[in-house]
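Chemist: Got a structure here, written out as structure tokens. Questions coming.
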Amino acid sequence: MNVLVLNCGSSSIKYQLLEMGENPEVRAKGIVERIGLKIGCLAHKNDRNEKFETETEVPNHTVGIKLVLEALLDKEHGVIESLDEIKAVGHRVAHGGEFFTQSVLLNDDAIAKIEACCDLAPLHNPAHLLGMQAIKDVLPTVPQTAVFDTSFHQSMPASSYMYPLPYSLYEQHKIRRYGFHGTSHKFVAEKACGILGWNIEEKKIITCHLGNGASITAIKNGKSVDTSMGFTPVEGLMMGTRTGDLDLGALLFIMEKENLSVSEANSFINKKCGTNGFSEISSDMRDLEAEAEKGNERAELTLQMYAHRVKKYIGSYAAVMDGVDLIIMTGGIGENSYDTRERVLGDMSYLGLKFNKELNHGLKGKDEVLSMPDSKVTVMSISTNEELVIAMDTVKIVFGK
Ligand code: ADP
């Protein structure tokens with residue numbers, strides 16, 4: 001059974017067609033970009049590793065979706081013969097506010113609630129809604145689902161998710177911590193427990209999703225009890241271009257000194273800071289590691305700061321849960337950067353953690369235990385796959401499997 005997974009942004013549509021079954025496979029994937037500009041483009045790749053690119057006008061999301069479907073149907077580089085072969089569509093949705101604690105079938109009620117969250121995710125939710133409407137226009141009988149970045153974290157207790165602001169701001173504007181990357185944190189925790197033969201409901205787990213965006217979650221008895229991203233994805237760890245935790249007073253000071261408007265300040269903390277802004281070298285860990293290796297002191301300091309901040313969160317989450325059984329590293333950096341893993345986990349003797357440095361060295365993108373057999377805390381590197389989670393949830397919701 002084929003499920004189409006969509007991540008619709010304001011000017012782009014990322015897609016994957018997955019064949020679901022015992023061993024799910026990606027049949028095709030790609031991206032439509034520059035929607036709404038003069039010339040848009042599509043880049044498509046199928047499971048025979050054939051690539052196809054085209055440039056054409058893509059005035060809106062409906063035209064973009066039609067372009068995706070044409071690519072999937074194409075005689076040469078397509079993978080299906082008829083649109084009937086697409087049995088369901090799953091959408092990644094950035095924000096479900098306090099409405100959604102799990103993935104849902106899209107109906108009028110769900111759409112109205114996603115609309116009500118547009119204020120909380122003004123760049124993302126309106127674009128997701130355009131994608132949902134576009135599918136409704138083009139594939140009116142195909143069931144659609146929404147899988148939220150936020151829903152897994154709805155289990156956080158109020159003591160984790162409230163900010164020390166006047167309570168009326170929560171009541172009026174729903175200002176609170178929501179957390180993101182929920183699909184990934186849940187997926188890797190469940191996958192690791194599956195590999196270890198553990199019952200997730202009896203365990204304390206810390207999941208470190210370290211990609212371009214990065215967040216860390218404390219999962220107790222299968223439920224998120226705290227996470228580092230907050231009202232927006234800017235809070236928490238140092239990221240590729242986002243600040244992560246920062247003294248609010250410093251931001252106000254910068255705004256005054258640099259004469260930044262609110263929207264300029266927003267763009268500053270999201271796009272101009274983090275590892276890229278601080279190092280003035282790159283947001284890519286590989287570049288920073290290569291420069292540090294050559295003796296570049298700023299690159300080295302960036303790597304130290306990055307690891308220091310992950311370490312601090314691990315320590316605080318171990319404290320919050322009164323211990324930790326398993327620490328998981330995932331995301332592009334967590335799965336591939338042995339250097340970051342060692343900097344973060346190499347000296348956590350206070351937790352009784354014995355890190356296997358040799359095994360860690362050279363391990364890339366594989367699911368593996370990275371702690372010694374007698375370590376009190378197990379460490380694993382687990383590859384995440386958010387599209388697969390969306391497709392699996394979609395199959396479960398639509399077909400009950
Ligand atoms: P996104 O948040 O965009 O999904 P990813 O999870 O794909 O990002 O992670 C992207 C990051 O992973 C890159 O910026 C890069 O820093 C890092 N990365 C990927 N491969 C390696 C590697 N071999 N060594 C170190 N870092 C890597």
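Chemist: Only one of Lys14, Lys45 is in contact with a Lys or Arg (Cβ under 6 Å, 6 or more places away or on another chain), in a strand (DSSP E or B) and open to solvent by 30 Å² or more (accessible area, probe 1.4 Å). Can you tell me which?
Modeler: The match here is Lys45.
Chemist: Test of understanding: among Leu37, Leu73, which residue is of a type in the set (A, V, I, L, M), open to solvent by 50 Å² or more (accessible area, probe 1.4 Å) and without any contact (Cβ under 8 Å) to a residue 12 or more places away in the chain?
Modeler: Checking each option against the conditions leaves just Leu73.
Chemist: Now, a different point. Would you please name the residue that is farthest from the ligand (Cβ to nearest atom), looking only at residues in region 291-321 that are open to solvent by 50 Å² or more (accessible area, probe 1.4 Å) and among the aliphatic types (A, V, I, L, M)?
Modeler: Ala319
Chemist: Which condition number in (1) touching a helix residue (DSSP H, G or I) at 6+ places or on another chain (Cβ under 8 Å); (2) without any contact (Cβ under 8 Å) to a residue 12 or more places away in the chain is the one that Asp84 fails?
Modeler: (1)
Chemist: With within 16 Å of Ser215 (Cβ to Cβ), part of a helix (DSSP H, G or I), more than 20 Å from the chain's Cα centre (by Cα) and at pLDDT 95 or above as the only criterion, which of Val310, Val320 stands out?
Modeler: The unique qualifying residue is Val320.
Chemist: For region 201-247, which positions are over 21 Å from Thr275 (Cα atoms), hydrophobic (A, V, I, L, M, F, W, C) and either within 16 Å of the ligand (Cβ to nearest atom) or buried (at least 19 other Cβ atoms within 10 Å of the Cβ) (or both)?
Modeler: Ile205, Ile206, Ala218, Ile219, Val225
Chemist: Search region 115-140 for residues being open to solvent by less than 10 Å² (accessible area, probe 1.4 Å) and touching a Cys at 6+ places or on another chain (Cβ under 9 Å), and hand back the single one that is farthest from Asp84 (Cα to Cα).
Modeler: That would be Asn125.
Chemist: Only residues that are within 15 Å of Thr330 (Cα to Cα) and either open to solvent by 30 Å² or more (accessible area, probe 1.4 Å) or among the hydroxyl-bearing types (Ser, Thr, Tyr) (or both): list them for region 372-386, please.
Modeler: Passing the criteria: Thr378, Ser381, Ser383, Thr384, Asn385, Glu386.
Chemist: In the set Asn266, Asn270, Asn276, which member is within 12 Å of the ligand (Cβ to nearest atom), open to solvent by 30 Å² or more (accessible area, probe 1.4 Å) and under 21 Å from the mean Cα position of the chain (by Cα)?
Modeler: Asn276
Chemist: Within region 17-26, identify whether any single residue is in a loop (DSSP other than H, G, I, E, B), open to solvent by 60 Å² or more (accessible area, probe 1.4 Å) and over 30 Å from Lys401 (Cα atoms), and answer yes or no.
Modeler: no
Chemist: For region 176-199, which positions are under 21 Å from the mean Cα position of the chain (by Cα) and of a type in the set (A, V, I, L, M, F, W, C)?
Modeler: Residues satisfying the conditions are Phe180, Phe187, Val188, Ala189, Ala192, Cys193.
Chemist: Out of region 207-245, which residues are free of Cβ contacts under 8 Å to residues at least 24 places away in the same chain and more than 16 Å from the chain's Cα centre (by Cα)?
Modeler: Scanning region 207-245 gives a single hit, Asn221.
Chemist: Confirm whether Ile397 is in a strand (DSSP E or B) and surrounded by 20 or more Cβ atoms within 10 Å (Cβ to Cβ).
Modeler: So Ile397 fails the test.
Chemist: In region 61-105, which residues are in a loop (DSSP other than H, G, I, E, B) and more than 25 Å from the chain's Cα centre (by Cα)?
Modeler: Asp74, Lys75, Glu76, His77, Gly78, Val79, Ile80, Glu81, Ser82
Chemist: Going through region 351-366 one residue at a time, which ones are without any contact (Cβ under 8 Å) to a residue 24 or more places away in the chain, more than 19 Å from Ile206 (Cβ to Cβ) and open to solvent by less than 90 Å² (accessible area, probe 1.4 Å)?
Modeler: Residue satisfying the conditions is Leu359 alone.
Chemist: Further question: Regarding Arg286, is this residue open to solvent by 50 Å² or more (accessible area, probe 1.4 Å), within 15 Å of the ligand (Cβ to nearest atom), farther than 23 Å from Lys186 by Cβ and not hydrophobic (A, V, I, L, M, F, W, C)?
Modeler: yes
Chemist: Let me ask something else. Scan His181, His153 and give me the residue that is over 15 Å from Ser383 (Cα atoms) and either crowded, with 20+ Cβ neighbours inside 10 Å or without any contact (Cβ under 8 Å) to a residue 24 or more places away in the chain (or both).
Modeler: The unique qualifying residue is His153.
Chemist: For Leu105, indicate whether it is aliphatic (A, V, I, L, M) and touching a Ser or Thr at 6+ places or on another chain (Cβ under 6 Å).
Modeler: Taking the combined requirement at face value, the residue satisfies it.
The values are calculated or read from the model by the stated rules, or taken from the named source; none is laboratory data. Since the model is a prediction, treat every value here as computed from it, not as a measurement. A quick note on method: Cβ atoms are made from the backbone with ideal geometry, for glycine too, and the neighbour counts reach across all protein chains shown. Ligands, DNA and RNA are stripped out before the accessible areas are found, and what is left, the full protein with its side chains, is counted by its heavy atoms. Shrake-Rupley method; radii C 1.70, N 1.55, O 1.52, S 1.80 Å.
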